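Quick notes on the structure that follows.
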Amino acid sequence: MRHLMSPLDFTTEELDKLFDLAGDIERNPQKYAHACDGKILATCFYEPSTRTRLSFESAMTRLGGQVIGFSDAASSSASKGESVSDTIRVISCYADICAMRHPKEGAPMVAAERSGVPVINAGDGGHQHPTQTLTDLLTIRSMKGSLGGFTIGLCGDLKFGRTVHSLIHALVRYDNIRYIFISPEELRVPDYITDMLRSKGIPFQEVIRLEDVMPELDLLYMTRVQKERFFNEEDYVRLKDFYILDAAKLSKAREDMLVLHPLPRVNEISVEVDDDPRAAYFKQARYGVYVRMALILTLLELE
């Protein structure tokens, strides 16, 4: 039995196989419409989510399976004090696979150690968000043709953004990638990430102004400033509008640059950008369903 706690749990060769499967699902959805007949996915979400939870549910439904679960801790026995370990042992009696989101870092790992079914980390605090990373990688590979050989700008909340941390760790295994970190001082990427890049000899730079580096980018990965990660409301209000990508800023970008965003957005990307052919974030959400379908099949060994 295998779990997914981090994007690094799969080798690059295994990721290629997973993405090939996701691509086949995209092209031939009917071929997989009954692949999970009789199987049940449990979605155990201890904090709110729209895209991740619904994309998992859509993925399992499109595979012919069924879904049970809860959408916040208040509607689970966690509100009565039940531990994650006990919850997953019970879930293992009801479902064949589980996707878990939890505000505490490491909680899905605790669940995986006690589970009788495969567990997928659907986000744990500010730590990891591996299925979003798989979505990002599939989007880049599908729309750019390969993983590697590009300059990527990561913009916004680089301190608390688990999607950013996961993506960087996944991308360092590919060749010839340059990183530009765009953030205010207060939300800079953590030192352990820049230390890791230095140790591997991977080029990066840290800047504050998005406009200064826009012409250099092949990919721009925007993130929101996450209110739920702040302890101080004043700091959040001061930083939440630090970056807003609009048509004027996008006009400085290359014609083939892609704009990615893990969503939800607040106002860091103006709606006027949505119709620009470089805006890829809604396509990215669709790729998220395909990659989660491929992941469910792989972990259930049904491919």
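With θ taken as phi - 60° and the coefficients 6.51, -1.76 and 1.60, list the Karplus ³J(HN,Hα) couplings across the stretch 84-90 in order, rounded to whole Hz; mark glycine and proline as x.
After applying 6.51 cos²θ - 1.76 cosθ + 1.60, I find 4, 4, 5, 4, 5, 5, 5 Hz.
Calculate one ³J(HN,Hα) per residue across the stretch 205-221 by plugging θ = phi - 60° into the Karplus curve 6.51 cos²θ - 1.76 cosθ + 1.60, and present them in order as whole Hz with x for glycine and proline.
Values, residue by residue: 9, 10, 9, 9, 8, 5, 4, 5, 10, 3, x, 8, 8, 8, 9, 10, 9 Hz.
Using a ≥ b ≥ c from the Cα gyration tensor of the stretch 30-153 (square roots of the eigenvalues), is it rounded, prolate or oblate, where a/c under 1.5 gives rounded and otherwise the larger of a/b and b/c decides, a/b for prolate?
It comes out oblate by the Cα gyration axes.
GNM on the chain, C-alpha springs below 10 Å: top fluctuator among 83, 199, 183?
Residue with maximal mean-square fluctuation among 83, 199, 183: 199.
If I build a Gaussian network model for the chain, linking alpha-carbon pairs within less than 10 angstrom, which residue out of 225, 291, 172 has the largest mean-square fluctuation?
Evaluated over the chain, the most mobile residue of the options is 172.
Among the aspartates and glutamates, which have Cα under 18 Å from the Cα of residue 144 when same-chain residues fewer than 8 positions away are ignored?
16, 20, 24, 26, 136, 175, 216, 218, 255, 256, 276
Which order do you get for 50, 223 if you rank them by accessible area with a 1.4 Å probe, largest at the top?
Listed by decreasing accessible area, they come as 50, 223.
In a Gaussian network model over the chain where Cα atoms closer than 10 Å are linked, find which of 260, 197, 21 has the largest mean-square fluctuation.
Between 260, 197, 21, it is 197 that shows the largest mean-square fluctuation.
Taking only C-alpha pairs under 8 Å that are 6+ residues apart, what is the relative contact order of the chain in percent?
That works out to 20 percent.
Over the stretch 91-203, what lengths in whole Å, largest first, do the semi-axes of the equivalent ellipsoid take, defined as the square roots of 5 times the eigenvalues of the alpha-carbon gyration tensor?
Working through the eigenvalues yields semi-axes of 29, 17, 12 Å.
Can you sort 254, 178 by solvent-accessible area, 1.4 Å probe, largest first?
Of 254, 178, the descending order of accessible area is 254, 178.
Calculate how large, on average over all directions, the projected area of the Cα convex hull of the chain is; give the answer in nm² to one decimal.
15.4
Per residue, what accessible area does the chain have, given a 1.4 Å probe and all protein chains present, in Å²?
Here the per-residue accessible area is 44 Å².
Over the chain, what percent of the accessible surface lies on carbon and sulfur atoms, probe 1.4 Å? Write down the numbers at each step before the final one.
Working: 6330 of 13190 Å².
The nonpolar share, carbon plus sulfur, comes to 48 percent.
Can you sort 101, 209 by solvent-accessible area, 1.4 Å probe, largest first?
209, 101
Take every DSSP beta bridge whose two residues both sit in the chain, then give the antiparallel share in percent to the nearest 5.
5
The values are calculated or read from the model by the stated rules, or taken from the named source; none is laboratory data. Values in this document were obtained by computation on a predicted structure and should not be read as measured data. Each accessible area value is taken on the protein alone, full model and side chains, heavy atoms only, with ligands, DNA and RNA left out. Shrake-Rupley method; radii C 1.70, N 1.55, O 1.52, S 1.80 Å.
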